[in-house]
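One structure is given here, and the rest of the page talks about it.
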Amino acid sequence: MNFVIPTIPDATRAQHASKGWPLALAGSVLLLVSGLLSWSYDPSILGDISIAFWPATFQLFAMILGVIGIVLALMHQGPLSKLGNWFDAALGLRALGTASLLVILFGLFAISYQAGGLININPGGWVALLGAILLLVGGRFVPQRTLHSFAKAKANSTLEIVVIVVLMALVLFGLAYVLGQDDPWVFVGFLIMAGGAAMALARAGFFTWLSHISQRHRHVLTLAAFAVAFLFPFTQDGSDANMSIATQVLIFAATAIGLNIVVGLAGLLDLGYIAFLGSGAYVAAMMSNAASATIGWKPPFVVVMLIGACVAATLGLIIGSPTLRVSGDYLAIVTLAFGEIFRLSMFNLDGNNGPDLTNGPNGIPGIPDLNLFGFDFGKPHEIAGFTLGRFSNYYFVLLLLIGFIILVFTRLNNSRIGRGWVAIREDERAAEAMGVNTFALKLLGFAVGAFLAGLAGTIKAHQDTASSPDQYIFLESAFLLSAVVLGGMGTVAGVLVGATILKLLPEKLRFFSEYRLLLFGLLLVVMMRVRPEGLIASKRRQLEFHEDDEALASEIQQDHLVEKAAEAAR
Amino acid sequence: MTVIETDVQDGRPRPQRGAKVLDAEKVVMRFGGLVAVNNVDFDVHEGEIVGLIGPNGAGKTTFFNCLTGMYKPTSGTVRFYGEVLPPKPRAVVKAGMARTFQNIRLFGNMTALENVMVGRYCRTTSGAITSVLHGPKYRREEAESRARAAELLDFVGLGKSAELLARNMPYGDQRRLEIARALATDPKLILLDEPTAGMNPQETQQAMDLIFKIRDMGLAVVVIEHDMRFIFQLCDRVLCLVRGEALIWGTPGEVQSDPRVIEAYIGGSELEDDEDDA
């Protein structure tokens with residue numbers, strides 16, 4: 001996917017092959033060195049990049065890119081060249097060259113824009129630019145080597161586990177770092193850098209290898225991911241600002257994974273999903289100790305959670321049973337309408353029209369914090385010397401919830417029910433003729449999704465401290481669906497990535513908020529064009545989107561056989 | 001009707017004919033003004049292979065769909081072990097009637113094993129909760145389904161292809177996989193819609209051996225086919241449909257020697273262009 005720079009004809013490349021490697025290596029080294037030099041005269045911008053030997057923001061980015069470049073170059077030729085038999089260093093270097101140039105140009109533009117002119121750029125910046133250009137040009141002339149297939153790779157199992165753990169630690173650092181950046185220029189620069197580096201590693205085949213080892217050590221991966229998520233609040237030093245964003249991301253992600261059961265597994269398009277989150281939230285609000293709560297019965301929160309979830313599931317059944325008999329498009333319209341009906345009902349159930357349940361447009365404010373088993377969620381707590389604020393408390397509960405939702409997702413996906421869903425997606429008539437109860441299965445998917453959203457909603461009500469109709473507008477449903485489509489239908493990891501991107505970007509790019517929708521629209525159009533199955537797609541979904549791609553089918557087949565062989569060997 | 005039976009067929013002993021499995025009486029299927037199936041009687045017994053032949057557009061597949069609950073006949077009754085089944089494919093499968101499709105309808109992006117396991121769906125009952133909790137019932141049923149599916153793949157000769165994606169399999173194997181999937185529903189009667197379409201002579205012979213093997217398990221088999229030699233070697237009785245009506249219903253010998261059958265195939269083909277094989 002090199003949109004920026006056209007590729008070089010093979011003949012030219014072969015002619016100059018020997019010059020490519022030194023150029024690329026030199027470029028990478030320059031990038032690394034530039035990080036140690038001063039980039040700007042102005043210490044007040046971009047987190048102070050004026051000091052030599054004290055790398056910050058863009059200096060760090062250049063150094064990271066430089067290190068990746070050096071490693072890739074040495075894989076091609078030099079001490080790491082054995083690794084070069086497995087990873088495609090040439091493709092990696094080419095992608096890295098493009099990414100580096102983008103990052104450095106963006107950084108230099110940021111400096112000159114903020115400080116007033118190119119004059120403010122110190123030699124470090126120019127060295128980095130030179131390095132990026134050398135890497136770009138050099139990378140283009142590095143010839144590709146013939147590779148071994150990862151199917152035959154046999155690495156040390158301990159090493160593989162270490163790689164997973166290190167990677168997860170990097171993710172943790174990256175997340176903590178990016179959340180700590182208040183400067184939008186740095187934030188965007190980091191995104192370009194991270195995206196570019198990921199692209200380069202993907203081109204080099206790193207992620208293919210990663211998916212192989214994570215198949216082999218699935219439990220390690222899951223555990224490490226949860227450990228990272230668990231440790232995250234401890235990196236925030238008691239500050240609630242980022243934790244508030246993090247809890248919002250978690251609620252959004254939990255809801256999106258629930259929606260992925262409906263959309264990604266059962267194959268039903270639901271445009272009113274936010275209503276199920278809302279019904280859970282309203283149930284919790286009405287049964288809370290808030291002054292304006294409308295139901296006198298105050299059961300323990302665990303009971304409230306179950307009631308909220310069951311109410312949502314019941315709504316799901318009511319709306320699903322007449323509509324699931326018709327095909328996809330009608331369902332989308334009916335669910336869209338249902339979402340609006342829910343919002344308008346909450347808006348109007350204020351005692352003037354019908355019973356007073358929701359206080360109408362005012363909603364139910366002042367919902368007190370949760371208090372479970374004597375643990376007050378409203379107060380900061382001290383654990384092992386770290387102060388964990390109010391949002392951290394909710395964060396941990398939401399983490400548990402998301403763990404449960406992921407469990408439901410994966411287990412249903414791998415069960416008899418999951419097979420039934422796949423069969424329905426593939427050929428509904430044939431599935432029926434084989435005795436699959438298509439209607440019941442679709443209804444089940446719909447209800448399970450609603451149930452999980454209801455669960456998330458009950459926690460959301462307490463965390464938000466209020467529940468009002470304007471929280472549950474159609475746009476929210478659309479965002480949820482975008483997270484699923486962007487991240488990847490039918491996978492958990494994909495939706496987590498999609499939800500994080502969609503929730504984090506608007507928070508960090510507040511100056512851009514007017515163009516937010518435009519940006520999302522563009523993003524979705526580009527995704528549909530380039531990668532309709534989403535960022536991290538399930539293999540089956542990928543095949544469904546590329547029905548004619550025989551090469552992809554045999555590739556996935558190969559992967560599958562390797563996995564099965566590994567499973568059998570264990 | 002007299003059925004002349006020999007004891008040996010294609011070099012194997014012919015099993016005893018068992019109870020009546022399927023009994024169709026005066027089945028009529030109308031689509032608007034078009035009478036696709038008109039007053040057809042039909043029956044199949046356990047351990048019997050029955051053929052259904054006829055020129056294109058004779059209504060074979062429509063009749064098939066009436067038998068398997070895809071269509072509700074306009075009039076007439078279809079009894080399965082003496083009971084009239086509701087016109088729902090699922091209920092029909094559950095009762096013990098399974099089918100394959102004329103144009104292969106496998107779940108292409110699933111592996112062969114998974115395809116057959118989908119066939120086990122109607123014989124298992126574990127629901128969402130036990131699936132999420134991995135309860136004892138779920139584990140037992142899952143292990144059983146897997147074992148039975150593997151066994152059936154071996155039975156049709158695809159034991160080595162269990163982990164191949166259905167869409168990546170050769171054509172002949174896909175046909176056999178469809179049969180394995182149908183067998184996974186534990187049928188008493190299996191209906192095969194053109195099981196040898198597009199096959200070479202060698203594959204056709206293999207398909208015939210497979211169908212005999214299925215019959216030998218005591219199942220009743222109904223086969224739609226165009227390949228006359230295949231049908232006459234395979235079947236105990238043959239029904240020839242022409243323009244929705246039963247032309248003749250008898251042993252292969254009787255059907256083969258009937259001049260009207262030959263005429264229907266060679267002479268009376270004016271319907272062929274008007275109506276596709278519905």
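The values are calculated or read from the model by the stated rules, or taken from the named source; none is laboratory data. Please read these numbers as outputs of a predicted model, since none were measured by experiment. All Cβ positions, glycine included, derive from the backbone under ideal geometry; neighbour counts span all protein chains shown. Each accessible area value is taken on the protein alone, full model and side chains, heavy atoms only, with ligands, DNA and RNA left out. Shrake-Rupley method; radii C 1.70, N 1.55, O 1.52, S 1.80 Å.
Brief remarks follow.
- Summing charges over all other residues whose Cβ lies under 10 Å from the Cβ of residue B:41, with Lys and Arg as +1 and Asp and Glu as -1, gives -2.
- Selection from A:54, A:191, A:99 lying farthest towards where the dipole of the range A:10-232 points positive, charges on Cβ: A:99
- What you get for the range A:10-232, charging only the Cβ of Lys and Arg (+1) and of Asp and Glu (-1), is a dipole of about 1000 debye around the Cα centre.
- Sparsely packed chymotrypsin sites (Phe, Trp or Tyr not before Pro) within the range A:357-405, loop by DSSP, other Cβ within 10 Å at most 11: A:373
- Taking the C-alpha atoms only, the angle from helix A:328-348 to the longest principal axis of chain A is near 60 degrees.
- Using a probe of 1.4 angstrom and keeping all protein chains present, the accessible surface of the range A:97-203 works out to 47 square angstrom per residue.
- Once exposed loop GluC sites (Glu not before Pro) are cut out (DSSP; at most 12 other Cβ, 10 Å), longest piece of chain B: B:6-269
- Where B meets A: accessible area buried, both sides, 1.4 Å probe, Å²: 3500 Å²
- Residues in the range A:532-564 that, when all protein chains are in place, have 10 Å² or more less accessible area than the chain alone would give (probe 1.4 Å): A:540, A:543, A:547, A:550, A:553, A:557, A:560, A:561, A:564
- With both residues required to sit in chain B, DSSP beta bridges show an antiparallel share near 60%.
- For the range A:331-400, a simple Cβ point-charge model (Lys and Arg +1, Asp and Glu -1, everything else neutral) yields a dipole of about 140 debye relative to the Cα centre.
- Here is the list for the range A:20-84: chymotrypsin sites (Phe, Trp or Tyr not before Pro) lying in DSSP coil, each with at most 12 other C-beta atoms within 10 angstrom of its C-beta, are A:53.
- 0 to 90° range, to nearest 10: angle between helix A:184-203 axis and chain A longest Cα axis: 70 degrees
- Residue-span extension gain [residue A:516 to residue A:372] - 0.36 nm each, minus C-alpha spacing: 48.0 nm
- Placed amide H near residue A:388: partners under 5 Å, 5+ positions off or other chain: A:381, A:382, A:383
- Here the protein assembly as shown is treated with +1 on each Lys and Arg Cβ and -1 on each Asp and Glu Cβ, and its dipole about the Cα centre works out to around 1860 debye.
- Annotation for residue A:222 and residue A:130: the two label points, set 7 Å from Cα along the Cα-Cβ direction, are 5.3 nm apart.
- Antiparallel %, DSSP beta bridges [both residues in the protein assembly as shown], to 5: 65 percent
- Rg over Rh, two decimals, the protein assembly as shown (C-alpha only, Kirkwood Rh): 1.05
- Count Lys and Arg as plus one, Asp and Glu as minus one, and take only other residues whose Cβ is under 11 Å from that of residue A:203; the net charge is then 0.
- Largest first and in whole Å, the equivalent-ellipsoid semi-axes of the range A:516-570 read 32, 13, 6, each the square root of five times a Cα gyration tensor eigenvalue.
- A simple count of charges around residue A:275, restricted to other residues whose Cβ falls under 10 Å of its Cβ and scoring Lys, Arg +1 and Asp, Glu -1, yields -2.
- Once the Cα atoms are used to define both axes, helix B:136-155 deviates from the longest principal axis of chain B by about 50 degrees.
- 23 Å tail of the calculated P(r), the range A:323-428, as % of Cα pairs: 64 percent
- Across every direction, the projection of the convex hull enclosing the Cα atoms of chain B has a mean area of 15.8 nm².
- Accessible area of the range B:164-262 divided out per residue, in Å², using a probe of 1.4 angstrom: 34 Å²
- Trypsin sites (Lys or Arg not before Pro) within the range B:86-157, DSSP loop, no more than 13 other Cβ atoms inside 10 Å: none
- Directionally averaged projected area (convex hull, Cα atoms, the range B:1-159), nm²: 13.2 nm²
- Apportionment of accessible area to carbon and sulfur, chain A, percent (1.4 Å): 68 percent
- Summed over qualifying helices (DSSP H, 4 residues or more, each -39500 (n - 2.57)) and divided by its residue number, chain B shows a 222 nm mean residue ellipticity of -10500 deg cm²/dmol.
- With 5 Å bins beginning at zero, the pair-distance distribution over Cα atoms of the range A:10-232 amounts to 1, 7, 14, 17, 17, 15, 13, 9, 5, 2, 0, 0 %.
- Among the residues of the range B:125-144, those with an accessible-area drop of 50 Å² or more from chain alone to full protein complex, heavy atoms and 1.4 Å probe, are B:128, B:132.
- Dipole of chain A [Lys/Arg +1, Asp/Glu -1 at C-beta], most positive-end residue of A:372, A:439, A:248: A:439
- Cα centroid of the range A:131-210 to Cα centroid of the range B:50-96, whole Å: 59 Å
- Principal axes of the range B:122-205: Cα extent on each, largest first, Å: 50, 27, 18
- Chain A: calculated mean residue ellipticity at 222 nm from DSSP helix runs of at least 4, using -39500 (n - 2.57): -22500 deg cm²/dmol
- Candidates A:266, A:111, B:222 compared by Cα position along the dipole of the protein assembly as shown: farthest toward the positive end lies A:111, with charges placed on Cβ.
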